[in-house]
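Quick notes on the structure that follows.
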């Protein structure tokens, strides 16, 4: 879990940190980094270097670089992390009336996330629509934001988790159209329980509009989930959570997703949401299709205590948020660097863990320019020491965080 001493200094002043970077050059000067090892095109390569110009990786290799490097990485150089599911941090949430966008984004950037979604929780449609508009406006203005993720209101009450039951609803053509209009082309993904009335039609409508659909917070059987995938869903929201467990006579959503090569499975690798052994099973059963997500809420980067999510009271103890009174887990306090460490501790090779934190999420939203170190990709980079703690972060070749 993230605690205040794990964050890099001054994470709240995001704009000032970027402007102060000596490596930022609007004219597009080259940046050359050399590392003891790097994840180059999915493979850990020793004594590697990466060169970027104009925000794009232009060359990379092993051994002596073409000139003296600007940055020496005493550890591992990896692609910037991609988080498809994040609600907040540093005491704030994207659902707030006036979100502190820079503080939340800055926290996760400091832990290696260079691109992320703005996730909104369930709310009554009259409350949700203005939040979608505000988040869409931020996404359109900020290259760090991939788009808006709606986790609700089209969720099953039986597996609602930390979502307000009074605000849940089945999708209708009118509600789908209202959300698409509010999203103004910035809706990235929508989580839907496919057993709800009208859900399969809604999945098709969102998919036709270019919005990725995730199956989640659902009690559906495997056949219904397969129908959702055939209708256009391509993601499983936080695999193993918010759904029935896999059973030999009732395989459910997890089995359907594992068996479908079209589907990317989100995983919250904090060691609490999913046991380390189960994380290892997911990685082996769906190689290359497990995308690490934080599902972070307001308490990320903060001490234990009382918080709120979607209007519900949450108590955080030992870094784990639960609904007040000992109820459902309510998001996480995770950052993706910690998730990488949890996967490696669970036995995952470093290359697999880093790939799950970067390339898998990028591919799930059709961004082949992100999540990988190869020529032509965005110069989104994260430097990690031997303990896999973040020591530097670059987006589009500009340093945005350091330790």
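Among DSSP bridges having both ends in the chain, what percentage is antiparallel? Round to the nearest 5.
Counting DSSP beta bridges with both partners in the chain, the antiparallel share is about 55 percent.
Relative to the longest principal axis of the Cα atoms of the chain, helix 336-345 runs at roughly 90 degrees.
Can you order the peptides 66-77, 116-127 by their average number of other Cβ atoms within 10 Å per residue, highest first?
Numbers: 66-77: 16.3, 116-127: 22.0.
The peptides rank, most packed first, as 116-127, 66-77.
Please give the contour-minus-distance gain from residue 281 to residue 53: 0.36 nm per residue of separation, less the Cα-Cα distance, rounded to one decimal in nm. List each step's numbers first, then the result.
Details: separation 228, 0.36 × 228 = 82.08 nm, distance 3.96 nm.
So the extension gain works out to 78.1 nm.
Here the gap between residue 36 and residue 125, fully extended at 0.36 nm per residue and compared with their Cα-Cα distance, gives a gain of 27.0 nm. Taking the C-alpha atoms only, the angle from helix 101-110 to the longest principal axis of the chain is near 60 degrees. Each part reduced to its alpha carbon centroid, segment 207-273 and segment 26-95 end up 32 Å apart.
Multiplying the residue separation of residue 184 and residue 323 by 0.36 nm and removing their Cα-Cα distance gives an extension gain of 46.8 nm.
Averaging 1/r over every pair of different alpha carbons in the chain and inverting the result gives a Kirkwood radius of 20.9 Å. Relative to the dominant Cα principal axis of the chain, helix 276-285 is inclined by about 90°.
Extending 7 Å from Cα along the Cβ direction at residue 174 and again at residue 64 yields two label points whose distance is 7.2 nm. Can you work out the FRET efficiency for the pair residue 43 and residue 72, with r the C-beta to C-beta distance and R0 = 35 Å, to the nearest 0.05? Taking R0 as 35 Å, the efficiency between residue 43 and residue 72 is 0.95. The label-point distance for residue 262 and residue 306, in a model that sets each label 7 Å from Cα toward Cβ, rounds to 4.7 nm. Spatial offset of segment 341-403 relative to segment 161-196 amounts to 30 Å, using the alpha carbon center of each.
Rule-based calculations on the coordinates, nothing more; no lab input. Since the model is a prediction, treat every value here as computed from it, not as a measurement. So basically every Cβ, Gly included, is an ideal-geometry build from the backbone, and we count neighbours across all protein chains shown.
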